[in-house]
Amino acid sequence: MTDSRPVTASRAGTRLALSADRRGLVDQDGVPFFYLGDTAWTLFKRLDHADADRYLSNRADKGFTVIQAYVLRGLEVTNLDGELPLIDRDPTQLNEGFFRNVDWIVRRANELGLVMGLVATMGEHVKRKVSGERFKERNEQIFNEDSAYRFGELLGARYRDDCVIWLLGGDRNPSEEDIATWDAMAYGMKAGSAGVHLVSYHSGGGHSSSEYFHDKDWLDFNTVQSRHQSRDANYPLITADYALSPVKPTLDMECRYEDHPDARVIDIQKVFAGELDPDERVDAFDAREGAYWATTTSGRWRTRAGSTAPVTTRSRCCRRAMTGSCPSTRRAPSASATSADSSSCGRGTWPPLTSRSSRPARARARITSGRCGHVTAASSLYT
């Protein structure tokens, strides 16, 4: 039997940039780059090399092009080798024992044809949040403008020769007091990488980076985080970004996670506190609905939300895609697709939308059979 899985060229040495019309991403040869991402937020802490290779190979085989993961997420949380990310909680001192593992995963991902979307730090390490902190028992705020610049510079320099995209913000909307800190980190990354890396910002739910940073020269493209709930309209955010000047690409980089408790009908904070075991969850229909809404908003952008079969017993992920080429709303284009060959772009057909009401509630809540043809990130990579 012939292996029909996609064969993706290595991304080692790839340099991504904005297209000439500033509506999409291209590589150094001008070939459109299709952003189809999977979230594995704690990839650098939860997997050994064998499991990381299995996960990355799985995603590459399925046509994903980007893996999004946090570099700094919890100052006292070690990787599997017992290594912390920083020395003495100092963001200007990277722990080589921790970052050797990051190096390996980034380069292995590139070898498999994947770009790493690196979220530099969780927003909690820049400013405290009134509620919903993951590390509320201890002070995790460590950045000022000087240390943020140096941290960004160190990361940019370390991965200058690798194919990465930097995502700041870490799931936080900035305040007036910390915008300068994020600016400093971004400029440090640009300096460290000699300007070869794209940089954007990961805002909180229901917001876009454009609200805070659109006019900043370091922000190469905008990202939206729509909410983890059914029927949530993401298209107003995409539409607003698309109409802005100066023109910049935009995508929904964190959309509805399949099997996530449905925040439209339940109290998410009670779920996170262990006080509620919800029956209502985001399902495959909800995830795809968000993708199609974002997909058809501007006519040029492809944003995909996730599905289905778990690596373990349950899964949470999001898929999102961005391109300036393929106009098809039912297919994800290949990395080399152009508007001229979009009818045959070969990244795989998206499964059709079926009526949400046509399935029993429990079936909608846990669609984990794999029948939709994609495998999500394991839940252990989410928290």
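On the given criteria, is residue 48 surrounded by fewer than 24 Cβ atoms within 10 Å (Cβ to Cβ) and within 24 Å of residue 120 (Cβ to Cβ)?
So residue 48 passes the test.
Okay, residues lined up against (1) aromatic (Phe, Trp, Tyr); (2) over 21 Å from the mean Cα position of the chain (by Cα):
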| residue | (1), (2) |
| --- | --- |
| 40 | no, no |
| 71 | no, no |
| 76 | no, yes |
| 99 | yes, no |
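With the structure loaded, tell me whether residue 200 is surrounded by 18 or more Cβ atoms within 10 Å (Cβ to Cβ) and either at pLDDT below 95 or touching a His at 6+ places or on another chain (Cβ under 9 Å) (or both) or whether it fails that test.
The answer is no for residue 200.
Looking at segment 25-36, can you tell me whether even one residue there is more than 24 Å from residue 249 (Cβ to Cβ) and among the polar types (S, T, N, Q)?
So far as segment 25-36 goes, no, none of its residues is more than 24 Å from residue 249 (Cβ to Cβ) and among the polar types (S, T, N, Q).
It is to be established whether one or more residues within segment 269-278 are touching a Pro at 6+ places or on another chain (Cβ under 6 Å), at pLDDT 85 or above and of a type outside the set (S, T, N, Q).
Within segment 269-278, not a single residue is touching a Pro at 6+ places or on another chain (Cβ under 6 Å), at pLDDT 85 or above and of a type outside the set (S, T, N, Q).
Considering only segment 239-253, I want to know if a residue exists there that is surrounded by 24 or more Cβ atoms within 10 Å (Cβ to Cβ), at pLDDT below 85 and among the hydroxyl-bearing types (Ser, Thr, Tyr).
No, segment 239-253 contains no residue that is surrounded by 24 or more Cβ atoms within 10 Å (Cβ to Cβ), at pLDDT below 85 and among the hydroxyl-bearing types (Ser, Thr, Tyr).
For residues that are among the small types (Gly, Ala, Ser) and farther than 18 Å from residue 51 by Cα, scanning just segment 69-112, find the one that is surrounded by the fewest Cβ atoms within 10 Å (Cβ to Cβ).
Checking each candidate, the answer is 97.
The values are calculated or read from the model by the stated rules, or taken from the named source; none is laboratory data. Keep in mind the model is a prediction, meaning the values are calculated, not measured. FYI the Cβ positions are ideal-geometry reconstructions off the backbone, even for glycines, and counts take in every protein chain you see.
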